[in-house]
Amino acid sequence: MPVLVQKFGGTSVADAERIRRAAARVVEARERGFGVAVVVSAMGHTTDELISLAESVSPMPDRRELDMVMATGEQVSAGLLAMALCDLGCPATSLTGGQAGIRTDGVPMRGRITRIDTGRLERLLSRNEVPVVAGFQGLSEDGEITTLGRGGSDTTAVALAAALRVAETGGCCEIYTDVDGVYTADPRLVRTACKLPRISYEEMLELATLGAGVMHARAVLFGEKFGVPIHVRHSQKPDAGTMIARESQAMEELAVVGCALKDDLGRVTIRQIRNCIGLQGTLFTALAHANIVVDDIMQTEQGSSTMIAFTVEHADLGDAKQIVARTLTELGDGEMSVEVGLAKVSAVGVGMKVHAGVASRMFRALGEAGIPIHNITTSEIKISCIIEKVHGPTALEVVHRAFGLGLGSNATIAMQTDEAQG
Ligand code: ADP
Ligand code: ASP
Ligand code: MG
């Protein structure tokens, strides 16, 4: 029997009515002959509310305890959706991440899935029941509840789809959300953004990492690694949506398929430090040990000393600051300063590998809009510019326009042709 993993995001289970509609969607898929495993997010803004509640009790909540509090959000949704399914005559059992066999590395609030024991899920599916799994959480080998980072229910869903080998059964992982697919830019920020019928894992991974919140980046990584087709769809009007799949020849026809904005960056700068051998290793190992993901790194020589700067998400800035300060004290060298209010605008496309002039077009567009560029980073399939946060939305819009990604442009037409060819 083909198996689907259906994931319902926060808005898709925000109230009783929507939970019943999500249940109806599951029943519909079963009537089409699919076995279905479900993954749910917390209802609406529950996770934000739980964090605020925790902070009202303790301004800097202990991470382990915060995980304990946050994990309840998804458990509520799982129980409610299982009830709604039972009411429709569909046998269903809600499971916490741990009960579903999801094991993590135990890092609080940033846990990574290390393995999945699918025994219980497979038993339920073979009895024609629907497991309803609480997303965003797992259990460490020591039995600690760990959450997977904000937006992590997508990762639960794709990881379960990989472990259940849904692609081999002819199924896929469906991500039901509040937008009808992946767009050329966040449609809330760029009104002319267009829906993409298909996007490669590689491009989606870059876009997600660079700020396109529609998918959790690690979910895309799992999808790519285990070849899980991911179908992003609107939960209320699920038409064609967007397929995230392997790169195809047609995808290379466009230099840029999408743009993204990350507007929560801060920068740590270290000046007046001797560039002794091993300096960078010492600094960045200390940050890595604290599981801090460093974004762009810049280094320039200034006479006999060096300047090293790096960006991190605001959420990590406090920890990064402490770690760098401690490391500089141990080294007895260097001065640190910290800036907030930075953003990063990026253009992404596998076609960049074969098209010239992409970077210059982006820089010109930002220049013509009067937006100063603070730093540039590139990879084979992306170009990113660090800018001030106040310029973020305009920068996204002008870069999007510069690559002709708006409604009615050639880019759109090319992608629609791609869809028509299947
Ligand atoms: P869910 O709660 O279902 O996981 P999210 O809020 O995490 O939903 O993700 C959906 C949101 O992602 C959309 O409402 C949209 O504003 C945002 N988004 C950002 N970039 C993109 C993009 N390129 N395409 C589509 N949506 C995007
Ligand atoms: N509820 C969690 C969050 O808001 C996880 C998710 O929705 O994917 O981040
Ligand atoms: Mg999400």
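The set of residues in region 186-224 that are more than 15 Å from ligand 3 (Cβ to nearest atom), over 12 Å from the mean Cα position of the chain (by Cα) and in a loop (DSSP other than H, G, I, E, B) comprises Leu189, Val190, Arg191, Thr192, Ala193, Cys194, Leu196, Pro197. From the list Asp316, Asp296, Asp333, the one residue that fits, being within 28 Å of Arg401 (Cα to Cα), surrounded by 14 or more Cβ atoms within 10 Å (Cβ to Cβ) and modelled with pLDDT under 95, is Asp296. Apart from one condition, Ala78 fits all of (1) buried (at least 23 other Cβ atoms within 10 Å of the Cβ); (2) touching a helix residue (DSSP H, G or I) at 6+ places or on another chain (Cβ under 6 Å); the exception is (2). Among the conditions (1) surrounded by fewer than 24 Cβ atoms within 10 Å (Cβ to Cβ); (2) of a type in the set (Lys, Arg); (3) within 16 Å of ligand 1 (Cβ to nearest atom), the only one that Arg30 does not satisfy is (3). Close contacts from region 95-112, counting a first residue that is without any contact (Cβ under 8 Å) to a residue 60 or more places away in the chain and a second that is among the aromatic types (Phe, Trp, Tyr), with Cβ to Cβ under 9 Å and a gap of 6+ residues or different chains, come to Gly97/Phe136. The set of residues in region 33-46 being more than 11 Å from Val3 (Cα to Cα) and of a type outside the set (Val, Ile, Thr) consists of Ser41, Ala42, Met43, Gly44, His45. With respect to the stated conditions, Ala100 is in contact with a Pro (Cβ under 7 Å, 6 or more places away or on another chain) and modelled with pLDDT of 95 or more.
Screening Asp319 on (1) touching a residue at least 40 places away in the same chain (Cβ under 8 Å); (2) assigned to a helix (DSSP H, G or I); (3) of a type in the set (Asp, Glu) shows it passes everything except condition (1).
Suppose the filter is in a helix (DSSP H, G or I), touching a strand residue (DSSP E or B) at 6+ places or on another chain (Cβ under 9 Å) and farther than 10 Å from Val312 by Cβ; does Gln272 pass it?
On the way: in a helix (DSSP H, G or I): no; touching a strand residue (DSSP E or B) at 6+ places or on another chain (Cβ under 9 Å): yes; farther than 10 Å from Val312 by Cβ: yes.
Against the criterion (in a helix (DSSP H, G or I), touching a strand residue (DSSP E or B) at 6+ places or on another chain (Cβ under 9 Å) and farther than 10 Å from Val312 by Cβ), Gln272 does not qualify.
Looking across Val358, Val340, Val354, one residue alone is among the β-branched types (Val, Ile, Thr) and surrounded by 16 or more Cβ atoms within 10 Å (Cβ to Cβ). It is Val358.
Set side by side, the residues Thr306, Thr377, Thr300, Thr329 differ, and just one is of a type outside the set (A, V, I, L, M, F, W, C) and part of a helix (DSSP H, G or I), which is Thr329.
Among the residues making up region 167-195, those that are more than 8 Å from ligand 1 (Cβ to nearest atom), surrounded by 21 or more Cβ atoms within 10 Å (Cβ to Cβ) and not charged (D, E, K, R) are Gly171, Cys172, Cys173, Val190, Cys194.
Just one of the numbered conditions (1) assigned to a helix (DSSP H, G or I); (2) more than 15 Å from ligand 2 (Cβ to nearest atom); (3) at pLDDT 95 or above is not true of Glu252: (3). A single member of Gly151, Gly171 is more than 30 Å from Asn291 (Cβ to Cβ), of a type outside the set (A, V, I, L, M) and touching a residue at least 60 places away in the same chain (Cβ under 8 Å), and it is Gly171. In region 124-182, the residue that is farthest from ligand 3 (Cβ to nearest atom) out of those that are assigned to a helix (DSSP H, G or I) and within 20 Å of Val27 (Cα to Cα) is Ser126. Considering (1) among the hydrophobic types (A, V, I, L, M, F, W, C); (2) free of Cβ contacts under 8 Å to residues at least 60 places away in the same chain; (3) buried (at least 19 other Cβ atoms within 10 Å of the Cβ), the lone condition that Leu221 does not fulfil carries the number (3).
The values are calculated or read from the model by the stated rules, or taken from the named source; none is laboratory data. For clarity, every value in this text was computed on a predicted model and none was experimentally measured. Cβ sites come from the backbone with ideal geometry, for glycine too, and all protein chains shown count toward neighbours.
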